[in-house]
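Q: Can you read through this structure? Questions will come right after.
Since every read-out is calculated from the coordinates, none of them should be taken as a lab result. These figures come from a predicted structure and were not determined experimentally. Positions of Cβ are backbone-derived with ideal geometry, glycine not excepted, and every protein chain shown enters the neighbour counts.
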Amino acid sequence: MRRCMRVALIFAFLASMIAVRPAAGQSQQPATQPAVQQVEQRDEPEANPGRPTVSNPATLTPVGYLQFETGTLGATSSPEFSTYYEFNEVIKLAVSRRIEFIESSAPVAHSTVGGISANGGGDVFLGAEVVLLPGEGSKPTLSASYSRRVYGGTTPDLDVGSPLNSSIFYASADVKGFRCDANAVFNEVLEGSVRRLQFGQTLSISHPLVKGFGLSGEIWRFTQPFLHGNAIGNLWAASYTARKNLVFDAGFEKGLTGTSTHWEAFAGLTYLLPHRLWGR
């Protein structure tokens, strides 16, 4: 059972990579500005934040640029803890228009369980995302990813748990000024030596406001196979784009079931290093 579950997750990801088609050429913008200014604007990298929503975009970061998604999170009243605080980090690097490598971790955390407080570090995950079908505008971009936990932390988990292996399918599109990101999640979770398959669905909708500000709303659901329940939450976040490669965010999340984390608050930033790691 354990081996079949792991093979199924890895096979889903490999099958997605095989299905990848050649990338379509990018369209050029009309020449409405001086040529030098157009070149400078085109060469300026733009961040592609995945935080703070549970949903992640199907689109990748600019090729050859490191992107850091750094944040803090505080949570109260969950099945595994009474309070929880963490510093989290996600690092992304796209090596082509189709492939991106991802590292995710929570290096510092503090939790209170049964009146006892403890410090520790969270899990570390390594993975990759592959674009299956590039899109533009209302035509959705489709992609898939596979990740594995390479280090098990000492802190309690949030209501969605901590998978050993995870495969996710992504869809992203821009529809009439609204950015829509939907994820279908397939996780292998374990408790002791027992392993189960967890399913999750997320949908986030974002809309720009004025002068670099934006607003995001999200609904998500994850099965809880060991609790025989469902974790369901509603998230709201605001963002501010200070520069094309620097975006700040803050928001909150409310659990909607008895086995969900009741409240979460978070803040952070997405920063894309402005210098490419290798030549074009």
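Q: In 5 Å bins starting at zero, report the fraction of Cα pairs in the stretch 129-275 per bin as a rounded %.
A: 2, 8, 14, 17, 21, 19, 11, 6, 2, 0, 0
Q: Right, another one. Using the 10 angstrom Cβ neighbour count as an exposure proxy, how do Trp278, Trp220, Trp263 rank, fewest first?
A: Fewest to most other Cβ atoms nearby, the residues stand as Trp278, Trp263, Trp220.
Q: For Asp181, Asp123, Asp249, which order do you get if you count the other beta carbons within 10 Å of each Cβ and list the fewest first?
A: Values: Asp181 25, Asp123 18, Asp249 22.
If I rank by nearby Cβ atoms, fewest first, I get Asp123, Asp249, Asp181.
Q: Net charge near Thr70: determine it from the other residues with C-beta under 13 Å of the C-beta of Thr70, scoring Lys and Arg +1 and Asp and Glu -1.
A: Around Thr70, the surrounding residues sum to -3.
Q: When the C-alpha atoms of the stretch 189-280 are aligned to their principal axes, what extent does each axis show, in angstrom, from largest down?
A: 46, 35, 18
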